[in-house]
1. Kindly indicate the residue of segment 39-78 that is small (Gly, Ala, Ser) and farther than 26 Å from Ala15 by Cα and also farthest from the chain's Cα centre (by Cα) among those meeting that condition.
2. Checking the condition among the hydrophobic types (A, V, I, L, M, F, W, C) and more than 27 Å from Pro135 (Cα to Cα), which residue from Ile33, Ile103 passes?
3. May I ask you to list pairs of residues, at least six apart or on different chains, whose Cβ atoms are under 6 Å apart, with the first in segment 86-109 being within 16 Å of Cys121 (Cβ to Cβ) and the second being surrounded by fewer than 14 Cβ atoms within 10 Å (Cβ to Cβ) and of a type outside the set (Ser, Thr, Tyr)?
4. Which ones in segment 119-129 are at negative phi and either in contact (Cβ under 8 Å) with a residue 60 or more places away in the chain or assigned to a loop (DSSP other than H, G, I, E, B) (or both)?
5. Can you name the strands (runs of 3 or more DSSP E) wholly within segment 1-118 that have at least 2 residues being surrounded by 16 or more Cβ atoms within 10 Å (Cβ to Cβ)?
6. Specify which of the listed residues (Glu29, Glu69) is at pLDDT 90 or above, of a type outside the set (A, V, I, L, M) and out of contact with any Lys or Arg (no Cβ under 7 Å at 6 or more places or on another chain).
7. Restricting attention to segment 1-39, which residues are among the aromatic types (Phe, Trp, Tyr) and either touching a strand residue (DSSP E or B) at 6+ places or on another chain (Cβ under 8 Å) or more than 18 Å from Leu93 (Cα to Cα) (or both)?
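The values are calculated or read from the model by the stated rules, or taken from the named source; none is laboratory data. All values derive from a computational prediction rather than experimental measurement. All Cβ positions, glycine included, derive from the backbone under ideal geometry; neighbour counts span all protein chains shown.
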Amino acid sequence: MLHALPFTTFGQLAALGLKATVYCSRCYEQRPIDPAAEHLRDRCFATIRFRRTKIRYTGAVCGCPGSVEIEPSVLLPVGGEDTLAFLSCGTCLPSWEINHVPIDRPPWSVVNREGNDRFKCPGCGKAVAWRIHGPAWRPLGNSIVPLDRGPRSASNATA
């Protein structure tokens with residue numbers, strides 16, 4: 001089952017504590033964009049086109065289509081207590097990404113990760129791809145016993 005994303009327009013990003021950048025794969029640069037800007041506020045993040053106008057070292061204009069990257073204003077650590085998802089749509093051109101999504105918290109928790117539920121891309125209408133990173137496994141208390149290698153002496157160290 002496909003579920004709608006919690007937001008579709010740039011104007012809805014700020015309410016969820018998200019920020020947006022445009023990444024250029026040719027210049028390897030990221031530029032922050034203001035999602036509350038009047039010309040972006042009501043536009044769908046998956047269908048909008050950005051084109052780099054930077055002059056490259058060759059003297060030519062870059063002209064590369066930029067891809068939109070969305071992430072929380074404060075990133076959650078991978079391997080922390082939260083299960084994080086990294087969402088993307090490779091069929092939209094240019095592609096887009098939503099990174100560091102706490103998939104078990106509202107409004108993202110509407111999907112059943114173990115089932116066939118997925119988010120629906122607001123641009124092309126297909127299922128959104130995702131990578132899930134769960135909490136890191138850490139041993140508890142005495143579950144790891146250090147090896148006893150005996151006392152180290154100067155004669156053992158030089159031998």
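1. If we take residues in segment 39-78 being small (Gly, Ala, Ser) and farther than 26 Å from Ala15 by Cα, then Gly59 is farthest from the chain's Cα centre (by Cα).
2. Matching residue, one of Ile33, Ile103: Ile33.
3. Going by the 6 Å Cβ cut-off, the qualifying pairs are Phe86/Arg131.
4. The answer is Phe119, Lys120, Cys121, Pro122, Gly123, Cys124, Lys126, Ala127, Val128.
5. Where strands (runs of 3 or more DSSP E) fall fully within segment 1-118 and carry at least 2 residues being surrounded by 16 or more Cβ atoms within 10 Å (Cβ to Cβ), they are 18-24, 65-72, 84-89, 96-102.
6. Numbers: Glu29 fails: at pLDDT 90 or above.
Just one listed residue meets the conditions, Glu69.
7. In the first step, residues of segment 1-39 are kept if they are among the aromatic types (Phe, Trp, Tyr); the result is 7, 10, 23, 28.
Matches in segment 1-39: Phe7, Phe10, Tyr23.
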